[in-house]
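K.L.:
Okay, handing you the structure first.
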Amino acid sequence: MTTETTGTAARDGASRPGGTAHSPFVRACRRQPGPHTPVWFMRQAGRSLPEYREIRANVPMLESCRRPELVTEITLQPVRRHGVDAAILFSDIVVPVAAAGVDLDIVPGTGPVVAEPVRTAADVDRIRPITRDDVSYVDEAVRLLVAELGDTPLIGFAGAPFTLASYLVEGGPSRTHAKTKALMYGDPELWHALCARLAEVALSFLRVQVDAGVSAVQLFDSWAGALSEADYRRYVLPHSTRVLGGLADAGVPRIHFGVGTAELLGAMGEAGADVVGVDWRTPLDTATRRIGPDKAVQGNLDPCVLLAPWPVVEAEVRRILDQGRAAPGHVFNLGHGVLPETDPDVLTRVVALVHELSARPVE
Ligand code: CP3
């Protein structure tokens, strides 16, 4: 793929008056003051929305990710409904892995399932590098979305090497990541070869999105919290650093997120993030002490709180905004994705409340 033009579209878009560079979301990522604390929700496009369930009714998940018009509509649904400060591309972390030649499917209610789990060096070799042509539908969807969204930033994303490796080695979702860790500890050479390959796939996938005009990227290492800090640093950090470091010149903020990562927050920042995502277990003031003063934080309402009566939700939103003031920049979000059973009206109220409570005059 051509990388010469990398970042040009994003940089031009970001510097254009009325572009996204001055949006509350990009400003918070860059630790600049803004008119209010920006808010979006991981998995904001999804089964909590009746309009999503309707449009997805007869289209399998992976196929829906490959239809640019459908991706555009699904991505815009939560922006229209909730007034969130950013859209996130509708796709999945396994989309580029499928494009790289891995036989997999996303099974409703289960998640990604891989036909032939990775066991050998030959299995790793079969994971091809990807080019823009392999994911042209993503390039097209991002361009359609950037045109539709105007001043509202679009977040691109990829799965990080550890989380992708877990699906590939386990063959599907896992609670313990036992097979993954067995490979990691038992055959470090194969482990590093696998993660290096996945890092290139993730980086290429993010480059396509940046070139097409996304305003920020998020690297999802959802399951990294399964590791100790020492093992994270040894087996994972170099590969995630390759992905985030590979985008250092892209001109867009880089968010790095995982679940159960209280002990890893510092290392995840070191991987090359501008913003570190924090789950609900760590208060944001504690998190920012661990991450340091040169990075913003994102989070961290427990998605289950949204199922509680409104006064409980309101108190938690206030607490998180208060604790977020300790950070040099705060993007309000959940600590993990929206649960399908969430009442979408509660999400809309949370957006309004965050905006109201955090409103401040700007010079
Ligand atoms: O709105 C958004 O956040 C953007 C869309 C998005 C999806 N997947 C859509 C999706 C994003 C950012 C992802 C990333 C993703 N996919 C992650 C990292 C984030 C996280 O949640 O930790 C992971 C681990 C996956 C793997 C995956 N894909 C899982 C665990 C599932 C859920 C399986 C299920 O049915 O419960 C999927 C499928 C998936 N990806 C859905 C959506 C909306 C549900 C599919 C459906 O609607 O039928």
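K.L.:
Report the accessible area of Ser23, computed with a 1.4 Å probe over the heavy atoms of all protein chains in place, in Å² rounded to the nearest 10.
P.N.:
Rounded to the nearest 10, the figure is 10 Å².
K.L.:
Write down the Å³ per residue value for the convex hull defined by the alpha carbon atoms of the chain.
P.N.:
120
K.L.:
Also, quick follow-up: Given the options Leu347, Val124, Val312, identify the residue whose Cα lies farthest towards the positive end of the charge dipole of the chain (+1 on Cβ of Lys, Arg; -1 on Cβ of Asp, Glu).
P.N.:
Highest projection toward the positive end goes to Val312.
K.L.:
Moving on to the next point. Considering only protein heavy atoms and a probe of 1.4 Å, how much of the accessible area of the chain is carbon and sulfur, as a whole percent?
P.N.:
Looking at the chain in its full context, I get 52 percent from C and S.
K.L.:
Taking the Cα centre of segment 93-141 as origin and charging only Cβ (+1 Lys, Arg; -1 Asp, Glu), how large is the dipole, in debye to the nearest 20?
P.N.:
Approximately 160 debye in magnitude.
K.L.:
Which whole-Hz couplings ³J(HN,Hα) result when phi for each residue of segment 68-78 is put into the Karplus expression 6.51 cos²θ - 1.76 cosθ + 1.60, θ = phi - 60°, listed in order with x for Gly and Pro?
P.N.:
Calculated HN-Hα couplings, in order: x, 5, 5, 4, 4, 4, 5, 5, 7, 3, x Hz.
K.L.:
Work from the charge dipole of segment 34-90 (Cβ charges, +1 for Lys and Arg, -1 for Asp and Glu, about the Cα centre) and give the residue of Pro60, Ile88, His36 farthest towards its positive end.
P.N.:
Among Pro60, Ile88, His36, the one farthest towards the positive end of the dipole of segment 34-90 is Pro60.
K.L.:
Place a +1 charge on the Cβ of each Lys and Arg in the chain and a -1 charge on the Cβ of each Asp and Glu, then give the dipole magnitude about the Cα centre in debye, rounded to the nearest 20.
P.N.:
580
K.L.:
When all protein chains stay in place, what accessible area (Å², nearest 10, 1.4 Å probe) is found for Ser228?
P.N.:
60
K.L.:
Which cross-chain or sequence-distant (5 or more) residues have an amide H under 5 Å from the amide H of Gln218, H modelled 1.01 Å from N in plane?
P.N.:
Sorted by chain and number, the residues that satisfy this are Gly156, Phe157, Ala158, Ile255.
K.L.:
Looking only at Gly272, Gly258, Gly225, which one moves most when the chain is put into a Gaussian network model with springs between Cα atoms under 10 Å?
P.N.:
Per the Cα network of the chain with a 10 Å cutoff, Gly225 tops the list.
K.L.:
Output the 0 to 90 degree angle, nearest 10, between the alpha-carbon long axis of helix 344-358 and the longest principal axis computed from the alpha carbons of the chain.
P.N.:
Roughly 60 degrees between the two axes.
K.L.:
Starting from the residue with the highest accessible area, list Asp221, Asp133, Asp343 in decreasing order, probe 1.4 Å.
P.N.:
Asp133, Asp343, Asp221
K.L.:
Right, another one. State in Å² the accessible area per residue of segment 225-329; use a 1.4 Å probe, count heavy atoms of protein chains only, and round to the nearest integer.
P.N.:
Using a 1.4 Å probe on heavy atoms only, each residue of segment 225-329 averages 36 Å².
K.L.:
Quick one: what are the phi-derived ³J(HN,Hα) couplings along segment 265-282, Karplus 6.51/-1.76/1.60 with θ = phi - 60°, whole Hz, x for glycine and proline?
P.N.:
Going residue by residue, I get 4, x, 5, 5, x, 4, 5, x, 8, 8, 9, 10, x, 10, 7, 6, 6, 10 Hz, with x marking Gly and Pro.
K.L.:
While we're looking at this one, here's another question. If Leu70, Leu219 are ordered by their accessible area, calculated over protein heavy atoms with a 1.4 Å probe, which sequence runs from highest to lowest?
P.N.:
Result of the area sort, largest leading: Leu70, Leu219.
K.L.:
Out of residues 5 or more away from Gly335 or on other chains, whose amide H comes under 5 Å of its own, with H placed 1.01 Å from N in the peptide plane?
P.N.:
Amide H neighbours of Gly335: Trp280, Leu301, Asp302.
K.L.:
Give the residue from Gly269, Phe220, Ala178 lying farthest towards the positive end of the charge dipole for segment 158-280; charges sit on Cβ (+1 for Lys and Arg, -1 for Asp and Glu) and the dipole is referred to the Cα centre.
P.N.:
Working it through, the farthest residue towards the positive pole turns out to be Ala178.
K.L.:
Which cross-chain or sequence-distant (5 or more) residues have an amide H under 5 Å from the amide H of Gly277, H modelled 1.01 Å from N in plane?
P.N.:
Sorted by chain and number, the residues that satisfy this are His256, Phe257, Gly258, Gln298.
K.L.:
Helix-only mean residue ellipticity at 222 nm, the chain, DSSP H runs n ≥ 4 weighted -39,500 (n - 2.57), per residue, nearest 500. What is it?
P.N.:
Here the helix-only value at 222 nm equals -13500 deg cm²/dmol.
K.L.:
Ratio of segment 186-281's C-alpha Rg to 2.2 N^0.38 Å, to two decimals?
P.N.:
Dividing the Cα Rg of segment 186-281 by 2.2 N^0.38 Å gives 1.05.
K.L.:
Step through the residues of segment 130-138 one at a time and calculate ³J(HN,Hα) from phi using the Karplus curve (6.51 cos²θ - 1.76 cosθ + 1.60, θ = phi - 60°), rounding each to whole Hz and writing x for Gly and Pro.
P.N.:
Result, rounded to whole Hz: 10, 10, 3, 4, 5, 10, 4, 5, 6.
The values are calculated or read from the model by the stated rules, or taken from the named source; none is laboratory data. All of these numbers come straight from a predicted model, not from anything done at the bench. As a convention, Cβ positions derive from the backbone with ideal geometry for all residues, glycine included, and neighbour counts pool all protein chains shown. Only protein heavy atoms, including side chains, enter the accessible area calculation; ligands, DNA and RNA are left aside. Shrake-Rupley method; radii C 1.70, N 1.55, O 1.52, S 1.80 Å.
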